[in-house]
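Asker: Please find one structure pasted underneath; my questions will follow.
The values are calculated or read from the model by the stated rules, or taken from the named source; none is laboratory data. These numbers come from a predicted model, not from an experiment. A quick note on method: Cβ atoms are made from the backbone with ideal geometry, for glycine too, and the neighbour counts reach across all protein chains shown. Just so you know, the surface numbers come from the protein's heavy atoms only, side chains and all, with ligands and any DNA or RNA stripped out. Shrake-Rupley method; radii C 1.70, N 1.55, O 1.52, S 1.80 Å.
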Amino acid sequence: MINRVRELAAAYFPDVQAIRHHIHSHPELSFQEHATSAFISEKLTAWGIQHKNGIAGTGIVGIIEGRNPDKRCVALRADMDALPIQEANETSYRSQNAGVMHACGHDVHSSCLLGAARILQETKDDWEGTVKLIFQPGEEMHPGGASIMIKEGVLENPTPNAILALHVYPHLQSGTVGFRTGQYMASADEIYITIEGKGGHAALPHQTIDPIAIAALVITGLQQVISRKNNPLVPSVLTFGKIQGGFATNVIPDTVEMLGTFRTMDEKWRYEAHKWIKDYVVETCKAYGAKAIIDIPAGYPSLYNDPALTHKTMNWAKEYVGEKNVHELEMRMAGEDFSFYTHHTPGCFFRIGTNKNNKEFTKPVHNAHFDIDEGAMQTGMGVMAWNAIQFLNS
């Protein structure tokens, strides 16, 4: 069976490469993936795979039934959206949509899932159970397409016993894969703060309530709050990426706006930190006569790879690509909305290496020059299909 999957992955690779070129050339922003969704639907229809469109707007859910379809179900997920980045590559398949680019590899993810789906459709008489295919919109934008698809019932009828997803990883070579058991990625919450003071002449600060000076106190003080209130064994990051206020050297403005992000690996501490952040900002501003407006909408939760499932998928991946080509990953403070699924059902989020000999295709994701060694997709779709088959037959 493993040789059959390898043969099909090799045979379908040219088609998957062409699929990736099409999707990459026509990127669409989060929750606007209408053409991408229609293209994917056309492929599924051509291969005889039943599916439903319009989930969470542009999402698709497909079903492939093997023998004894009620025995077990595994879900395979790929995201579809692109980023607001102007592509700097000069390839034949470069983005044709100005200011939009698949700089995070979601074109690769969707292409790999289509390739895996075709393999699974071809081999459905050789495995038991059901495969649920999830093509998801809006991974890059709050509140995340995963959360919306879950609310609209993507994890029901049938309910998956496990869910798997892959993601490009330019730090590993093409042909390799990476896994991490347990806690893998951080929660990701956005912070919006407005400090309302009282503007005036910079030479007469005693007649004003200076929101810029207060903003400086808030930023430095919040770092102390996070480091002093948090268990030092729990990784946490608080970063402010934007501060906007004022318009001249000799004018104290009325307001300052601050935008930041808070990330952690512990869900209990996550919400405790929200309260500490809000209380500190409000009370600090109040102490200096200013008013604080603060909002921390709940973003993506932390991503937890089920230990038992991840251990199995690592071993199955070793069977498929060889033990030397399976790597242990480090924890990351980046966020990923696949985490929503892992809080409902056992999940495994793994990486496929995409660089070539650690010399080419090494640009990081979210970079205007990001691209991959496309041979990685043959590995990705094969590992995904093989893991699904092994899970269903185990």
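Asker: Mind checking whether some residue in region 290-299 is free of Cβ contacts under 8 Å to residues at least 12 places away in the same chain and open to solvent by 80 Å² or more (accessible area, probe 1.4 Å)?
Answerer: Checked against the condition, which is being free of Cβ contacts under 8 Å to residues at least 12 places away in the same chain and open to solvent by 80 Å² or more (accessible area, probe 1.4 Å), region 290-299 yields no hits at all.
Asker: From the list I352, I389, exactly one residue is within 30 Å of G66 (Cα to Cα) and assigned to a helix (DSSP H, G or I). Which is it?
Answerer: When all the criteria are applied, what remains is I389.
Asker: Hey, any hits in region 76-87 for a residue that's under 18 Å from A117 (Cα atoms), in contact with a Gly (Cβ under 8 Å, 6 or more places away or on another chain), modelled with pLDDT of 95 or more and of a type in the set (K, R)?
Answerer: Checking region 76-87: not a single residue is under 18 Å from A117 (Cα atoms), in contact with a Gly (Cβ under 8 Å, 6 or more places away or on another chain), modelled with pLDDT of 95 or more and of a type in the set (K, R).
Asker: Which of the following residues is more than 26 Å from A186 (Cα to Cα), in contact (Cβ under 8 Å) with a residue 60 or more places away in the chain and surrounded by 15 or more Cβ atoms within 10 Å (Cβ to Cβ): G382, G353?
Answerer: One residue alone meets the criteria, G382.
Asker: Let me ask something additional. Has region 163-185 got at least one residue that is within 30 Å of G289 (Cα to Cα), crowded, with 22+ Cβ neighbours inside 10 Å, in contact with a strand residue (DSSP E or B) (Cβ under 9 Å, 6 or more places away or on another chain) and in contact (Cβ under 8 Å) with a residue 40 or more places away in the chain?
Answerer: Within region 163-185, not a single residue is within 30 Å of G289 (Cα to Cα), crowded, with 22+ Cβ neighbours inside 10 Å, in contact with a strand residue (DSSP E or B) (Cβ under 9 Å, 6 or more places away or on another chain) and in contact (Cβ under 8 Å) with a residue 40 or more places away in the chain.
Asker: Taking the condition of being within 18 Å of I219 (Cβ to Cβ) and not in a strand (DSSP E or B), how many residues in region 251-294 meet it?
Answerer: 17
Asker: Now, a different point. Out of the residues in region 200-212 meeting the condition of being part of a helix (DSSP H, G or I) and of a type outside the set (V, I, T), tell me which one is nearest to E272 (Cα to Cα).
Answerer: P211
Asker: Tell me, which residue of region 38-76 that is free of Cβ contacts under 8 Å to residues at least 60 places away in the same chain and surrounded by fewer than 17 Cβ atoms within 10 Å (Cβ to Cβ) is farthest from the chain's Cα centre (by Cα)?
Answerer: By that ranking, first place goes to A46.
Asker: When residues of region 315-349 are filtered for being in a helix (DSSP H, G or I) and either of a type in the set (V, I, T) or over 22 Å from M80 (Cα atoms) (or both), how many remain?
Answerer: Looking only at that region, the number is 11.
Asker: Taking interchain pairs and intrachain pairs at least six residues apart, which have beta carbon atoms under 8 angstrom, with the first residue in region 1-21 and among the polar types (S, T, N, Q) and the second modelled with pLDDT of 95 or more and not in a helix (DSSP H, G or I)?
Answerer: Correct list of pairs: Q17/E374.
Asker: I'd like to verify a number: residues in region 213-236 that are open to solvent by 40 Å² or more (accessible area, probe 1.4 Å), in a loop (DSSP other than H, G, I, E, B) and within 14 Å of F262 (Cα to Cα), how many?
Answerer: So the answer is 1.
Asker: Just wondering, is there one or more residues in region 270-278 that are within 13 Å of V225 (Cα to Cα), among the acidic types (D, E) and surrounded by fewer than 18 Cβ atoms within 10 Å (Cβ to Cβ)?
Answerer: The answer is yes; a qualifying residue exists.
Asker: A further question on this structure: I'm checking my understanding of the structure. Among residues of region 215-258 that are of a type outside the set (A, V, I, L, M) and touching a residue at least 60 places away in the same chain (Cβ under 8 Å), which one is nearest to Q183 (Cα to Cα)?
Answerer: Among those that are of a type outside the set (A, V, I, L, M) and touching a residue at least 60 places away in the same chain (Cβ under 8 Å), it is P235.
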